[in-house]
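Taking it in order: structure first as structure tokens, then the write-up.
The values are calculated or read from the model by the stated rules, or taken from the named source; none is laboratory data. Fair warning: this is a prediction, and the values are worked out from it, not measured in the lab. As a convention, Cβ positions derive from the backbone with ideal geometry for all residues, glycine included, and neighbour counts pool all protein chains shown.
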Amino acid sequence: MNNKLLVFLSFLFLTGCATYQVRPVETEKNIWIKVKSANIRDGPSTENRIIAGAEWNDKLIVIDERAKWYKVKLTAQSAGWIYKPLCSLEKLKGVKKVKPASRYKKSKSKGLVDWGVLGDTDEEAEETLNRIFDSWGVK
């Protein structure tokens, strides 16, 4: 009788101590493409094959993350990887363009200010253009 009681109490103790881990439902994470076009690959590396593409302000659903890459849902059964710096966590409000200054008008490269998003503000875009022109030696 004591053995049965001991087994029963052990059973109660073990099942009472068991905890069930309930994972909270994670909210869906959306990202938007902040460059003119971006490649979506079959793995988190530029060495992986390109399987799809995305364009400026396209909305993608994130299903996983690794270091500098997002795994995004493509269809119900497929997914791909996109490089994080090409993405924004907020929907973009419009194409940011810089008003051409005289320095830009002298450039032989037309359309530089129309490349798309060069920064989140006009000031950042102008700084980016200045760095580009400085590296080319344009005065």
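Quick grid of which residues meet (1) touching a residue at least 24 places away in the same chain (Cβ under 8 Å); (2) out of contact with any Gly (no Cβ under 7 Å at 6 or more places or on another chain); (3) in the same structural domain as residue 35 (by TED's automatic domain parsing); (4) over 24 Å from residue 127 (Cβ atoms):
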| position | (1), (2), (3), (4) |
| --- | --- |
| 49 | no, yes, yes, yes |
| 53 | no, yes, yes, yes |
| 58 | yes, yes, yes, yes |
| 62 | yes, yes, yes, yes |
| 69 | yes, yes, yes, yes |
| 72 | yes, no, yes, yes |
| 75 | no, yes, yes, yes |
| 80 | yes, yes, yes, yes |
| 93 | no, yes, no, no |
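If a residue has to be more than 12 Å from residue 69 (Cβ to Cβ) and of a type outside the set (Gly, Ala, Ser) to count, how many in region 28-41 make the cut? Summing the residues that are more than 12 Å from residue 69 (Cβ to Cβ) and of a type outside the set (Gly, Ala, Ser) in region 28-41 gives 8.
When each of 98, 113, 62 is tested for being surrounded by 16 or more Cβ atoms within 10 Å (Cβ to Cβ), at pLDDT 75 or above and of a type in the set (A, V, I, L, M, F, W, C), the lone residue that passes is 62.
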